[in-house]
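Remarks on the structure that follows.
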Amino acid sequence: MTLQRDDFEYAGLNSRDDLQVEMGNVVLPSAPAMAEQVTDIPAMYGNQFNGTDFTSRTINIPVSIYCADNQDRFNQIMHNLSGLLLSDDPSDNGKEYPLVFGFEPKVTYWGHITAISEPAPINPGMYDMTLTITFVQSDPRATLPQVETSLKNGLNTITVDGTARTEPVIQIIPKRDLKHIGFTLNGGEYGLGPDSDEDQAVAVKPFTQVVNSDVLNTMAEWTNDANAIAQMKTAGDYTYQGEADSNRDTQVLMVKLANGSKQYGINQTGMVPVFALLA
């Protein structure tokens, strides 16, 4: 919806349609609140200047309500005004919302409402009232529409409107697998990912799906339940392997029995547990 010059929009609420008020003459402050920070040093001619503290900026929005002699309509507008602008939800406490004026629709102010003054009558005996909504910006800067531009190799200079410093939002969409992304912004170096050769060597690993993971010192993942193994079948005659050397035709791996004792293969120097696997 296009704002008229005497409208404002706060948190998506239109002053004329949603709040049912008419905005008056808004005088924007020239600067945020400022406080000089100084230190008084004994026996010093003057004092030590430590900078200026810039705090919040306050915008007073005068509005008018015209209800003639209709008290019920005036009461309803006042209920809507406080109900829409203020919230008793604890999760909303601490949030700030955008404010846009119809006389400068491209500028957005972010802040919160701190006060709604008591209504004062415009015409005695009538329910035509005026009041002031106090809007405070924690960050006194205003924002203009976002500017988007593609970055090229080398130096990129981006010029935007406005008078305050602004921080860019950089979006990188790689066209190939990368281990490190780095860039220099306003003299500062920024990077994502390891930038040393040693760390890059192990930075990217191929995805491996783990089919079965079982440590050899436990049988927790194994079973000989007849219901579980009855469905396992192999094709053809079994070929048994009892040696340590691998046989690609093996379907069943078991410990070899010879002379009444278990033989673990001629290439083994120690005893290693071997499990029976059914393909």
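A Förster distance of 41 Å, applied to the separation of the beta-carbon atoms of MET44 and ASN186, puts the FRET efficiency at 0.65. The stretch between GLN71 and ARG165 holds 28.9 nm of extra length on full extension. This uses 0.36 nm per residue minus the Cα-Cα distance.
Toward the positive end of the charge dipole of region 1-52, with +1 on the Cβ of Lys and Arg and -1 on the Cβ of Asp and Glu, the farthest Cα among GLN37, PHE8, PHE49 is that of PHE49. Of the solvent-accessible surface of region 11-110, computed with a 1.4 Å probe over protein heavy atoms with every protein chain present, carbon and sulfur atoms account for 49 percent.
In plain terms, the chain from THR108 to ILE173 could stretch by 20.5 nm, reckoned as 0.36 nm per residue minus the Cα-Cα distance. Approximating the spin labels as points 7 Å out from Cα along Cα→Cβ, the THR2-to-ASP92 distance works out to 3.1 nm. Taking 0.36 nm per residue of sequence separation and removing the Cα-Cα distance, the ASN14/ASP139 pair yields an extension gain of 42.7 nm. Between ASN224 and ASP197, the FRET efficiency from the beta-carbon distance, with R0 = 35 Å, is close to 0.10. Directionally averaged projected area (region 4-130, Cα convex hull): 12.0 nm².
The values are calculated or read from the model by the stated rules, or taken from the named source; none is laboratory data. If you're wondering where the values come from, they're calculated on a predicted model, not measured in any experiment. For neighbour counting, all protein chains shown are included, and Cβ atoms are generated from backbone atoms with ideal geometry for every residue, glycine included. Note: areas computed on protein heavy atoms with side chains; ligands, DNA, RNA excluded. Shrake-Rupley method; radii C 1.70, N 1.55, O 1.52, S 1.80 Å.
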